[in-house]
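What follows is calculated from the coordinates using simple rules that are stated; it is not laboratory data. On a predicted model such as this, the values are computed, not experimentally measured, just so you know. Cβ: placed from backbone, ideal geometry, glycine included. Neighbour counts: every protein chain shown.
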Amino acid sequence: MKVIYPKVKSDSESRIYIEFYQNNKRYRLFNGSKINIEIYPNSYPVSERIKIGHLLASEVYQFLMSGLTFEQLKVSNLIKPNMTDKDYLTVALRNKLKENYTKKYKEMLQFVFIKLIEELKDSSIQPLHIETVLNKYNSESSYNTYRLRLCSLINEARKIGMTSNPMKGIKSKRTNAKMHKPFDNINEILEVIKAYNKQLYLCCLMTYGCLLRPHREIRELTWSDFSDDLKYIHLSGSRNKSGRNRIVPVPSYVRELLVKGEPHHNIFSGRQQPLNQDYFKTLWTRFKKHSKTLEQGQTLYSFRHSGAIEIFKRTGSITKLKKAMGHSSINVSLTYLRGLEIAELKEEDMPMVELVLNLN
């Protein structure tokens, strides 16, 4: 696209400005702040403003020739002309770290960023660099997780101006569904956990009875998330995986254990700060070593899965299950049920045939 040199003009108050077009849109700049240049013509005496205005026009022209747009500059003040792929990726990471993500998510973004940068021999990012980073992980699950994080960074870099797409053609690996074996003896296992650790017991009971996810949704609960009578939990979209606001009923057997504290105090730590993100994971790992009751494949999430089975068996409604679980769609719930070891077909549903048995 042809770039026309900016014009230097003056208004009725003798203020100098630069006028030009980009993408059929007219712009007027009175200084260079929008392109990260410290040129302020109108801070000079009137007799010198035109001269400084031409300096600003020259810098604006160089900016226009670089191919950058003002829409890109709105994303970050770190955008400069002639940036490399590596530069864009660096800005993309900084932008992501400013957003409202979990600490663990941000740490993973930083980790894959460092791993990718280590593979670069120059400033250009190629699909080969991405593949080299990902192929270090034998686990399909780890491969796919790091691929998603790299996609997030690359997409942000492309949004702010990077023209290449090194993720093109790099697909996720197919993984086998991870089974969280449900509990047949829910009361028995809960009693054993209760004797082992009261906080782990409350976490498991709420995972089962409220169908919340243990490691963030339950661990981060404060008393202000509960209604005054403790009968409901209100979670905003930023506090749960689905991204939607949720209102969750609290069963009476959970309410009996709750002693309401200060509104902004965490229900487990008794302080504003929640317990560390691996707290229940570590407790469960220790309990597994101690327990003689757990079966292979039973995890902390098995309480949520067991609760889901109970709802589905009692209601037979996939819609109610979807709402209770906080799933984004019925398809997610259907996938979830396939991993819960629920028999979708009974014997009487199977094809029938009458056989004549020859006993001779």
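Global size of segment 186-338: 15.2, 41 Å for Rg and Dmax (C-alpha atoms, Rg to one decimal, Dmax whole). GNM on the chain, alpha-carbon springs under 10 angstrom: the most fluctuating residue among Val250, Val259, Val112 is Val259.
Quick check: the angle from helix 103-119's long axis to the longest principal axis of the chain, C-alpha only, nearest 10 degrees? On a 0 to 90 degree scale, this one is about 60. Sites listed here are trypsin sites (Lys or Arg not before Pro) in segment 121-181 whose DSSP assignment is loop and whose Cβ has at most 12 other Cβ atoms within 10 Å: Lys121, Lys136, Lys168, Lys171, Arg174, Lys178. Multiplying the residue separation of Lys198 and Val46 by 0.36 nm and removing their Cα-Cα distance gives an extension gain of 47.1 nm. Our summary gives the chain a relative contact order of 12 percent, counting only alpha carbon pairs under 8 angstrom and 6 or more residues apart. Once the GluC sites (Glu not before Pro) in DSSP loops with at most 13 neighbouring Cβ atoms within 10 Å are cut out of the chain, the longest remaining piece is 100-255.
For P(r) over Cα pairs in 20 Å bins from 0, in percent, computed directly from the structure shown, the correct entry in (i) 21, 38, 27, 12, 1, 0, 0; (ii) 25, 55, 21, 0; (iii) 31, 60, 9 is (i). For segment 179-233, trypsin sites (Lys or Arg not before Pro) meeting the loop criterion (DSSP other than H, G, I, E, B) and having at most 14 other Cβ atoms within 10 Å: Lys231.
Pairs of Cα atoms nearer than 8 Å and 6+ residues apart set the relative contact order; for segment 186-338 it is 25 percent.
Phi angles of segment 20-32 translate, via the Karplus equation with coefficients 6.51, -1.76, 1.60 and θ = phi - 60°, into HN-Hα couplings of 6, 10, 9, 6, 6, 10, 7, 10, 10, 10, 9, 7, x Hz per residue; Gly and Pro are given as x. The lysines whose alpha-carbon is closer than 25 Å to the alpha-carbon of Lys171, local same-chain residues fewer than 8 away aside, are Lys86, Lys96, Lys104, Lys106, Lys115, Lys121, Lys136, Lys159, Lys241. Note that segment 93-99 has calculated 3J(HN,Hα) couplings of 4, 4, 4, 5, 5, 7, 7 Hz, one per residue in order, obtained from phi through the Karplus relation 6.51 cos²θ - 1.76 cosθ + 1.60 (θ = phi - 60°); glycine and proline are x. Per-residue ellipticity at 222 nm from helix content only, as computed over the chain with -39500 (n - 2.57) for each DSSP H run of at least four residues, stands at -13500 deg cm²/dmol. Our coupling estimate for segment 194-210, obtained by passing each phi through the Karplus curve with A = 6.51, B = -1.76, C = 1.60 and θ = phi - 60°, is 4, 5, 7, 7, 5, 6, 5, 4, 5, 4, 5, 5, 6, 4, 6, x, 9 Hz, Gly and Pro reported as x.
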